[in-house]
1. Which members of the range 48-63 meet the condition of being farther than 15 Å from G20 by Cα and touching a residue at least 12 places away in the same chain (Cβ under 8 Å)?
2. Go through (1) modelled with pLDDT of 75 or more; (2) surrounded by 10 or more Cβ atoms within 10 Å (Cβ to Cβ) for K193 and report which single condition fails.
3. Against the condition surrounded by 13 or more Cβ atoms within 10 Å (Cβ to Cβ) and either touching a residue at least 40 places away in the same chain (Cβ under 8 Å) or within 18 Å of K182 (Cα to Cα) (or both), how does N42 come out, does it pass?
4. Please tell me if Y87 is farther than 17 Å from I39 by Cα and among the hydroxyl-bearing types (S, T, Y).
5. Cβ-Cβ under 9 Å, sequence separation 6+ or interchain: first residue in the range 223-246 and charged (D, E, K, R), partner at pLDDT 70 or above. Which pairs?
6. Right, F137: modelled with pLDDT under 90, on the phi > 0 side of the Ramachandran plot and surrounded by 12 or more Cβ atoms within 10 Å (Cβ to Cβ) or not?
7. Mind counting the residues in the range 232-246 that are among the hydrophobic types (A, V, I, L, M, F, W, C) and at pLDDT below 70?
8. List the pairs whose first member sits in the range 92-104 and is charged (D, E, K, R), whose second member is at pLDDT 75 or above, and whose Cβ atoms are under 8 Å apart, counting only residues at least 6 apart or on separate chains?
Amino acid sequence: MDTYYSEQSKVTSADLLWKGAVIGCLIIKPFMFYGLMDIRINLLFLWASTALILVLLFGCFKNAWIPYVLYGVLSLLMFLDVTFNAYFNSYLSINDAGSIRFLPEVLDMVSEVIRPEFWLLFIDLPLIAFVLAKTGFNWNRRKWPQAVLLTWVISFLLLGSVSLSSSLRSAGNLEFFSAHIKDMLQSTTGFGKQDIELLGTFHYSIDKGRQDELFGIAKGRDLIVIQVESLQDFVIDREYEAHTLF
């Protein structure tokens, strides 16, 4: 009888050790992600929020392989985010999905943008799969408290992204889950969008005292203004109908 309890204790300790390793992966992944995204604002809050959501996600299902599959999809989304951010300095948006058809034309550029450290976002997947196969990772039979807390955390971040508080708004727009959920809601509903009617009431005007002889010189003409961040050399000093373009 003593031997039985001793062996049972060893198994339980080993299971807890493996589960601790999985939780460690879930905590480290967000910190790695925000580092690759080069996000420094509210870093500790963002890290803690995303890590808590990931841990709660694994605690919401009786079948631990369901959150594992979701975690794999989230890891892929993180990889796409850091790759997109390396060039465009923002999260990948649903509105950018239409540009996928141009991907074959820019594969060379994409391959240059992807850095070796981006692949570290997938390094924990084999370990977690091994632990699930070995232990099942079922630490709590009562799942609804985790589900309620998970919903509350995401709702808090999501509502914070459209709140009057600049700190909550910043955190909600930068946090991984709330940023993508808000993006989906904005693409399908009016959530978080500014009131178009208010924008339509704005009229641009210039004080008459600041008007000079050049004011209104383009009135009645077709004027095209092009603002660019950078140009290649062959565009500089090009002329069209004896006029220098740039």
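1. Of everything in the range 48-63, those that are farther than 15 Å from G20 by Cα and touching a residue at least 12 places away in the same chain (Cβ under 8 Å) turn out to be S49, T50, I53, L57, C60, F61, K62.
2. (1)
3. Spelling it out, N42 is indeed surrounded by 13 or more Cβ atoms within 10 Å (Cβ to Cβ) and either touching a residue at least 40 places away in the same chain (Cβ under 8 Å) or within 18 Å of K182 (Cα to Cα) (or both).
4. no
5. Close Cβ pairs (under 9 Å, with a partner that is at pLDDT 70 or above) amount to D237/T244; R238/T244.
6. Against the criterion (modelled with pLDDT under 90, on the phi > 0 side of the Ramachandran plot and surrounded by 12 or more Cβ atoms within 10 Å (Cβ to Cβ)), F137 qualifies.
7. 4
8. D96/F84
The values are calculated or read from the model by the stated rules, or taken from the named source; none is laboratory data. Treat the numbers as computed from the prediction; the structure is a model and nothing was measured. Positions of Cβ are generated from backbone atoms using ideal geometry, with glycine treated the same way; all protein chains shown enter the neighbour counts.
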